[in-house]
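Asker: Please read through the structure below; I'll follow up with questions.
Only the coordinates and a few stated rules stand behind these numbers; no lab work does. Treat the numbers as computed from the prediction; the structure is a model and nothing was measured. Quick reminder, even Gly has a Cβ in these numbers, built from the backbone with ideal geometry, and neighbours come from all protein chains shown.
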Amino acid sequence: METETRKNVYRIHVRTRLCNGCGDCVTACPINERLRLENNPNEELYTLRVRNGKCEVVNLDACDGCGVCVEACSTRSLKLELVEER
Ligand code: SF4
Ligand code: SF4
């Protein structure tokens, strides 16, 4: 019998004009939290980061679309979109 792994694909849009680089989204993301607890130094695995005073999307492979980052952003700079349902 064949098994299939299903995973939705999400995209996050950053309205850079509104973003103040506070980093609340970065620290709120549970994926980032897990990587931090593991002391994982690979920056490319983290979902979001702040560079040059703005939020930047790095890696959404592990993003489960929980929306915590969107909720954490006080300037409403983030928009979460489901791009592919698998
Ligand atoms: S939607 Fe959830 S998992 Fe994806 S980047 Fe935001 S906080 Fe992290
Ligand atoms: S997107 Fe929002 S929470 Fe994230 S750094 Fe910018 S202002 Fe802060």
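Asker: Hey, can you tell me all the residues within segment 57-78 that are farther than 11 Å from Y10 by Cβ and either surrounded by fewer than 12 Cβ atoms within 10 Å (Cβ to Cβ) or more than 8 Å from ligand 1 (Cβ to nearest atom) (or both)?
Answerer: Listed by number, the residues that qualify are V58, N59, E71, C73, S74, T75, R76, S77.
Yes/no per residue for (1) within 15 Å of ligand 1 (Cβ to nearest atom); (2) within 16 Å of R76 (Cα to Cα); (3) buried (at least 16 other Cβ atoms within 10 Å of the Cβ):
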residue: N20; (1), (2), (3): no, yes, no
residue: P30; (1), (2), (3): yes, no, no
residue: L37; (1), (2), (3): yes, no, no
residue: P41; (1), (2), (3): no, no, no
residue: N52; (1), (2), (3): no, no, no
residue: C55; (1), (2), (3): yes, yes, yes
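Asker: To continue, here is another question. Quick check on my filter: what residues within segment 48-86 are in contact with a Pro (Cβ under 7 Å, 6 or more places away or on another chain) and outside any helix (DSSP H, G or I)?
Answerer: Initially, segment 48-86 is screened for residues in contact with a Pro (Cβ under 7 Å, 6 or more places away or on another chain), giving 66, 68.
C66, the sole residue that qualifies.
Asker: Can you spot a residue in segment 2-24 that is touching a helix residue (DSSP H, G or I) at 6+ places or on another chain (Cβ under 6 Å) and part of a loop (DSSP other than H, G, I, E, B)? Talk me through it step by step, then tell me what you get.
Answerer: Step one: filter segment 2-24 for residues touching a helix residue (DSSP H, G or I) at 6+ places or on another chain (Cβ under 6 Å), giving 24.
Now drop any that are not part of a loop (DSSP other than H, G, I, E, B), which leaves none.
The answer is no; no qualifying residue exists.
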